[in-house]
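To start, the structure itself, in structure tokens.
Every number in this text was worked out from the coordinates using simple rules, so none of it is lab data. Just so you know, these numbers come straight off a predicted model, no measurement behind them. Note that each Cβ is placed from the backbone with ideal geometry, even for glycine, and that neighbours are counted across all protein chains shown.
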Amino acid sequence: MANMIAVEILKEMVDGYKFLSLDDLKIENVEELLMKRDDDVFAERWGMVDCELGRIRKDRPGELRYGIPIKERKYIESIEEKLYFRVYNSCKDDDLLIYYDDLSAYISDDFGLIAEGLYFGYNNAWLNGLLYEYKEHRIPCGDLKEIEGDLYDMLMNYYEQCNK
């Protein structure tokens, strides 16, 4: 079931730096972080979740982009774009810009995956672990802790904690 409310809450939290602050983007060794992101364990799990969401996307007929109505898809893409530029612009060393370009793409793609999971009501322990890492202000890499449960509930619990 489509849940744009959850996606809107995700965007509100991204806009409010609830997942990544500028301090979180001060990375001592961005090359090492990128290698851990490219590690088979992380990349395979990310790809599996994306593939499962791809199957859901294909099962949805109509005037859609990636299985989502164009207006809603553009909204998700606005989250991805905001994060891409936030991460990229946080780089203070011109020699590292190429690495921050990759990191920006990874982080924006992660939030696209999370947003689609929320939109489709998709639950996966690894995807929950991805969201958890951002909730803890860590950039996910390597072998993530898998967390059983509902992605929407996890987001809403964190949203409530942030708004107390």
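Of note:
- Calculated mean residue ellipticity at 222 nm for the chain: -21500 deg cm²/dmol, from DSSP H runs with n ≥ 4 weighted as -39500 (n - 2.57), summed, divided by the residue count and rounded to 500.
- Among 127, 118, 25, residue whose mean-square fluctuation peaks in a GNM of the chain (springs only between Cα atoms under 10 Å): 25
- Part-to-part distance (alpha-carbon centres) for segment 110-164 and segment 1-20, which is given in Å: 11 Å
- Computed from backbone phi, the HN-Hα couplings of segment 132-144 come to 4, 4, 5, 4, 8, 6, 10, 7, x, 6, x, 8, 6 Hz, rounded to whole numbers (Karplus: 6.51 cos²θ - 1.76 cosθ + 1.60, θ = phi - 60°; Gly and Pro given as x).
- Magnitude of the charge dipole for the chain, about its Cα centre and with charges confined to Cβ atoms of Lys, Arg (+1) and Asp, Glu (-1), is about 720 debye.
- Reachable lysines, given that their alpha-carbon falls under 23 Å from the alpha-carbon of residue 135 and they are not under 8 places away in the same chain: 11, 18, 26, 36, 82, 145, 164
- Rg to Rh quotient for segment 4-162, alpha carbon positions, Kirkwood Rh: 0.95
- Per residue, the Cα convex hull of segment 79-164 amounts to 102 Å³.
- Degrees separating the helix 70-89 axis from the principal Cα axis of the chain, which is the longest one: 10 degrees
- Dipole of segment 60-130 computed with +1 at Lys/Arg Cβ and -1 at Asp/Glu Cβ about the Cα centre; of 83, 99, 128, farthest Cα towards the positive end is 128.
- Rounded to whole Å, sorted largest first: equivalent-ellipsoid semi-axes of segment 94-136, Cα gyration tensor: 25, 11, 6
- The GluC sites (Glu not before Pro) of segment 1-102 that meet both conditions, a loop assignment by DSSP and at most 16 other Cβ atoms within 10 Å of the site Cβ, are 28, 63.
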